[in-house]
Amino acid sequence: MSRKTFFITGANSGFGLAIATAASNLGHTVVGTVRSETSRASLAESLPAVRTVLCDVTEFDRIAEIVEQVETDHGAVDVLINNAGYGHEGILEESPLEEMQRQFDVNVFGAVAVAKAFLPRFRQRRRGFIVNVTSMGGMITMPGIAYYCGSKFALQGISEVMRAEMAPFGVHVTALCPGSFRTDWAGRSMTRTERSVADYDALFDPIRQARQEKSGRQLGDPAKLAMAVLRLIASDAPPPQLLLGSDALELVSDRIARLQQEIESWKSVTVSTDG
C-alpha cells in the first residue's frame with residue numbers, strides 16, 4: 001500500500017491507538033484526535049510521529065474547521081478512521097434518556113459529523129476511504145446494552161447508505177464490526193447505569209458480572225485488528241462491513257440463521273398484505 005495520510009478519532013486508546021501505532025510504524029502520516037491536553041501529551045510521548053489534534057466529536061460546529069486546518073497543515077487526508085465512541089451498559093427501564101442522548105451524540109452524531117466534514121473533500125478528489133467503527137453490537141443485541149446497540153445499529157445503517165452514495169466517486173466506506181477485544185470498552189470507557197429494579201436481577205446481574213470479570217482478558221488482540229484494518233484499506237474491493245473476531249463471526253452468523261428462520265415461519269403473513 002502506498003503511503004497515506006490517516007485521520008483517526010479517539011487515537012489515544014483502544015482501537016484508535018492500535019491503528020495509529022500500526023499505520024505510523026509502516027510510515028503512514030497519522031493525525032489523531034484527542035479530547036484533552038493530558039491525552040495529547042500521553043499520545044505524543046508514546047507515538048511522537050503522530051500529529052495530535054484536540055477534537056471533541058460532539059462539538060459538531062467545530063469539526064469542519066478542524067478538518068480544514070488538518071488538511072492545510074498535513075495535506076489531503078486519504079483515510080478516515082471514525083473510531084471515537086464508548087459503551088453504555090444499563091437495563092432500558094432503568095437508564096435515563098439523557099444517557100441515551102449522550103450515547104448517540106458520541107457514537108452516531110459525532111461519527112456522522114466527522115464523516116460529513118470529509119465527504120465533499122473525498123468526493124471532489126474522487127478517492128478516499130472511510131472506516132466507521134461500529135461493533136458486532138450493530139448486528140446483534142443482548143440485554144443491558146440497548147443504548148449502545150441502538151447507536152451502533154444506527155451507524156451501521158448510515159454507513160451502508162454512505163457507501164452507496166460515495167461509490168460513484170471512487171470513495172470506499174466500510175463498517176468495522178469487532179467482537180470482544182482487549183480494550184477499555186468494558187472497563188474505564190464504559191458508562192454504567194446504577195441498578196434500581198430488583199425484577200431484573202436474575203437476568204442482568206450475571207451478565208454485568210461476567211463482562212467485568214472478562215474485561216482485559218478478551219480473546220481479541222487490538223494489534224491484530226489494526227493489521228486487519230490496514231489490509232482492508234489496501235483492498236480494491238472492500239466489503240460493506242467486516243466482522244473481526246471469532247465471537248463476532250459466531251454470534252452474527254447465529255443471528256442471521258435465526259432471522260432466516262423467522263422470515264420463513266412468518267412468510268405467509270408477510271405476503272398476505274399484498275394487493
*Could you identify the single residue in Arg127, Arg102 that is farther than 20 Å from Asn12 by Cβ and not hydrophobic (A, V, I, L, M, F, W, C)?*
Arg127
*asked:* Looking only at residues that are part of a loop (DSSP other than H, G, I, E, B) and of a type in the set (A, V, I, L, M) in region 139-176, which one is nearest to the chain's Cα centre (by Cα)?
replied: Met139
*region 56-74 residues that are under 23 Å from Gln103 (Cβ atoms), paired with ones that are in a helix (DSSP H, G or I) and open to solvent by 60 Å² or more (accessible area, probe 1.4 Å) (beta carbon under 7 Å, 6 or more apart)*: Phe60/Phe109
_Just to be sure before I move on: is Glu194 touching a strand residue (DSSP E or B) at 6+ places or on another chain (Cβ under 9 Å), at pLDDT below 95 and of a type outside the set (A, V, I, L, M, F, W, C) in the structure I sent?_
yes
_Please determine whether any residue of region 68-80 is among the acidic types (Asp, Glu), open to solvent by less than 60 Å² (accessible area, probe 1.4 Å) and under 30 Å from Pro206 (Cβ atoms)._
no
*Filter region 118-138 down to the residues that are part of a helix (DSSP H, G or I) and more than 18 Å from the chain's Cα centre (by Cα), then identify the one that is surrounded by the most Cβ atoms within 10 Å (Cβ to Cβ).*
Phe122
*Collect the residues in region 209-227 that are assigned to a helix (DSSP H, G or I) and either touching a Lys or Arg at 6+ places or on another chain (Cβ under 7 Å) or crowded, with 18+ Cβ neighbours inside 10 Å (or both), keeping them in residue-number order.*
Arg211, Pro222, Leu225, Ala226
*Cβ-Cβ below 8 Å, separation at least six or inter-chain, first residue in region 26-53 and touching a residue at least 40 places away in the same chain (Cβ under 8 Å), second part of a helix (DSSP H, G or I) and open to solvent by 40 Å² or more (accessible area, probe 1.4 Å): which pairs?*
Thr29/His74; Val31/His74; Thr52/Arg40; Thr52/Ala44
_Of the criteria (1) open to solvent by less than 40 Å² (accessible area, probe 1.4 Å); (2) farther than 25 Å from Arg231 by Cβ; (3) of a type in the set (S, T, N, Q), which one Thr183 fails_ = (2)
_With the condition being open to solvent by less than 20 Å² (accessible area, probe 1.4 Å), I'd like the strands (runs of 3 or more DSSP E) fully within region 5-67 carrying at least 3 qualifying residues._
5-8, 29-34
*Of the conditions (1) without any contact (Cβ under 8 Å) to a residue 60 or more places away in the chain; (2) in a helix (DSSP H, G or I), Phe204 clears all except one; give me its number.*
(1)
*Give the number of residues within region 241-275 that are open to solvent by less than 50 Å² (accessible area, probe 1.4 Å) and not in a helix (DSSP H, G or I).*
3
*Taking Ala115, is it open to solvent by 10 Å² or more (accessible area, probe 1.4 Å) and either over 27 Å from Leu232 (Cβ atoms) or not in a strand (DSSP E or B) (or both)?*
no
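The values are calculated or read from the model by the stated rules, or taken from the named source; none is laboratory data. What you are looking at is a predicted structure, and each value in this text was computed from that prediction instead of being measured. Glycine also receives a Cβ, built like all others from the backbone with ideal geometry; neighbour counts cover every protein chain displayed. Calculation scope for accessible area: heavy atoms of the full protein, side chains included, ligands and nucleic acids excluded. Shrake-Rupley method; radii C 1.70, N 1.55, O 1.52, S 1.80 Å.
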